[in-house]
Amino acid sequence: MKYAYFPGCSAESTARDLYLSTLTVAPALGIEFVEPAGWSCCGTTMAHQVDHDLSVSLAAANLLKVKDMGLEMVVSCASCYSRMKIANHEISTNLKTREKTAAALGRDYDGSVKVRHFVEIIIEDMGLAAFKKALKHSLSGLKVASYYGCLLVRPPEIASFDDPENPVYMDRLINAMGGVGLDWPHKVECCGGSLTLTRSDLVVKLSETIIAMAKDSGAQCMAVACPMCQINLDMRQDDILKATGHRYNMPILYITQLMGLCLGMSEQALGLNKLIISPQETLNFIR
Amino acid sequence: MPIRIKKEAVKRGIINRVKEISGIDINTCLQCKKCTNGCPVSGYTASSPSEVIKKLQLGAGEELLDSEIIWTCVSCATCFSRCPMEIDMARVMDALRVMAEETGAAKPDGNMPLMNKILLGTIKTFGRTYDLGAMALYKAGTASYMKDMDKVPMILKKGKIALLPSQGADKKIVKQIFNHLEKARKK
């Protein structure tokens with residue numbers, strides 16, 4: 001299974017751990033990734049807030065690179081995933097947008113490159129049976145609240161990721177790893193995302209609502225697939241404590257880190273040292 | 001006695017410009033308020049998505065562009081996902097942001113427009129975002145040095161932010177896109 005892997009800017013910075021764990025896990029599952037040379041920013045939130053054409057063109061520049069490679073694009077950042085899919089949708093449904101994008105890029109792009117999330121290719125292409133066979137260890141009953149956030153699942157007609165209101169892809173992976181994927185209500189609530197520096201007061205409130213619900217639902221850790229969700233939920237627990245006196249001590253791991261642990265990868269290789277809330281109690285479950 | 005409404009007296013406000021930029025027709029709105037009920041921030045703002053639509057329909061003008069909801073909106077698209085009339089409210093919010101910038105509307109708490117400008121600047125220069133540089137410029141621009149200062153040593157120690165800007169991007173194509181669209185906007 002060979003794919004073009006689009007890391008996204010956060011892979012080199014705030015989500016280095018997501019990048020490291022994804023690249024460590026993929027070969028162990030027989031997945032080959034090739035990075036498109038010279039990949040650039042997808043435009044993320046700020047581009048679409050400022051200029052719609054800019055956001056489509058920035059994403060399309062990368063989609064065009066992948067089209068030349070003749071592969072499907074695999075993304076692990078939820079924001080990149082969303083922007084790539086929206087660009088594809090806009091270009092293939094709106095001729096004017098396609099023409100404007102072609103003018104900006106100097107080349108026509110038809111919106112045809114298939115964009116997938118890492119979690120999707122494991123479930124849809126590899127299959128859970130093969131995934132299970134590759135595992136060396138078990139989460140041995142660890143209760144995990146899978147948190148999907150916004151951009152993987154919305155808007156549903158464009159994202160077309162699993163079920164938009166009650167996604168279970170990550171839960172299926174957790175159950176396959178011997179953990180317990182919890183059925184809980186805040187899977188697709190918003191953590192405050194891009195407001196992280198501008199309105200951290202709101203991010204603290206939104207993140208607490210999510211973490212508190214996970215805890216009430218019995219979660220011993222949370223699994224995420226988005227760099228913004230990870231940093232907000234992990235880094236802001238300290239601010240939640242200061243603002244409300246509530247100490248959650250909830251480890252926020254990337255789903256790829258949990259997979260890596262069950263595949264026998266080292267903590268270093270999975271970037272576990274980068275987590276702010278210590279995952280030690282989670283690690284004690286790995287048998 | 002019949003009531004006469006002079007056509008000229010009915011102000012259309014900014015609704016048409018919103019439609020022009022976003023391509024979204026908000027006049028199919030039923031005011032069912034599913035958007036507002038699902039909105040993660042409507043409990044923390046003075047306005048809500050369904051209210052913004054109603055205000056636009058009632059002929060609200062540029063004063064709407066000062067409202068904080070435009071910048072407090074997190075673009076999570078819960079509104080669009082749950083709208084029975086499939087109104088892409090997230091896209092409408094983007095159009096309002098563009099108009100707020102065009103008209104020089106009041107800068108909201110946290111100055112998101114400045115953050116956007118700085119981050120896009122790093123993309124234009126390096127082809128990829130440069131978080132640490134953007135953070136420093138944003139703090140200088142908003143004089144908010146103390147806010148979140150405890151986070152900086154922590155994320156540096158954890159290696160959770162890159163010290164230097166990335167060098168691997170195809171900067172040529174990114175610059176070309178920015179320059180082309182800046183020119184197109186001026187036209």
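The values are calculated or read from the model by the stated rules, or taken from the named source; none is laboratory data. Please read these numbers as outputs of a predicted model, since none were measured by experiment. For neighbour counting, all protein chains shown are included, and Cβ atoms are generated from backbone atoms with ideal geometry for every residue, glycine included.
When the helices (runs of 4 or more DSSP H) confined to segment B:93-171 are screened for residues that are within 29 Å of A:GLY271 (Cβ to Cβ) and under 23 Å from the mean Cα position of the chain (by Cα), those reaching at least 3 such residues are found at B:112-126, B:131-142. Residues that are under 19 Å from the mean Cα position of the chain (by Cα), of a type outside the set (A, V, I, L, M) and outside any loop (DSSP other than H, G, I, E, B) within segment A:98-117 comprise A:ARG116, A:HIS117, listed in sequence order.
So which residues in segment A:256-274 are part of a helix (DSSP H, G or I) and touching a residue at least 24 places away in the same chain (Cβ under 8 Å)?
A:THR256, A:GLN257, A:LEU258, A:MET259, A:GLY260, A:LEU261, A:CYS262, A:LEU272, A:LYS274
Just one of the listed residues (B:LYS139, B:LYS117) is surrounded by fewer than 24 Cβ atoms within 10 Å (Cβ to Cβ), more than 7 Å from chain A (Cβ to nearest Cβ), basic (Lys, Arg) and over 30 Å from A:ARG154 (Cα atoms), namely B:LYS139.
This table checks each residue for (1) outside any loop (DSSP other than H, G, I, E, B); (2) among the polar types (S, T, N, Q); (3) under 15 Å from the mean Cα position of the chain (by Cα).
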| site | (1), (2), (3) |
| --- | --- |
| A:ARG154 | no, no, yes |
| A:GLU157 | yes, no, no |
| A:PHE161 | no, no, yes |
| A:GLY178 | no, no, no |
| A:TRP184 | no, no, no |
| A:VAL188 | no, no, yes |
| A:SER194 | yes, yes, yes |
| A:ALA219 | no, no, no |
| A:MET222 | yes, no, yes |
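Of note, A:SER217 does not satisfy the criterion of being touching a Lys or Arg at 6+ places or on another chain (Cβ under 6 Å) and at pLDDT 95 or above. Taken over segment A:197-235, residues that are within 9 Å of chain B (Cβ to nearest Cβ) and hydroxyl-bearing (Ser, Thr, Tyr) amount to 3. All conditions but one from (1) away from chain A (no Cβ under 13 Å); (2) under 23 Å from A:GLY192 (Cβ atoms); (3) within 17 Å of the chain's Cα centre (by Cα) apply to B:LYS33; the one that does not is (3). The residues of segment B:54-92 that are within 9 Å of chain A (Cβ to nearest Cβ), among the charged types (D, E, K, R) and part of a helix (DSSP H, G or I), listed by number, are B:ARG82, B:ARG91.
Determine whether segment A:118-126 contains at least one residue that is in contact (Cβ under 8 Å) with a residue 12 or more places away in the chain, part of a loop (DSSP other than H, G, I, E, B) and not aromatic (Phe, Trp, Tyr). Looking for residues that are in contact (Cβ under 8 Å) with a residue 12 or more places away in the chain, part of a loop (DSSP other than H, G, I, E, B) and not aromatic (Phe, Trp, Tyr), one finds none in segment A:118-126, hence no.
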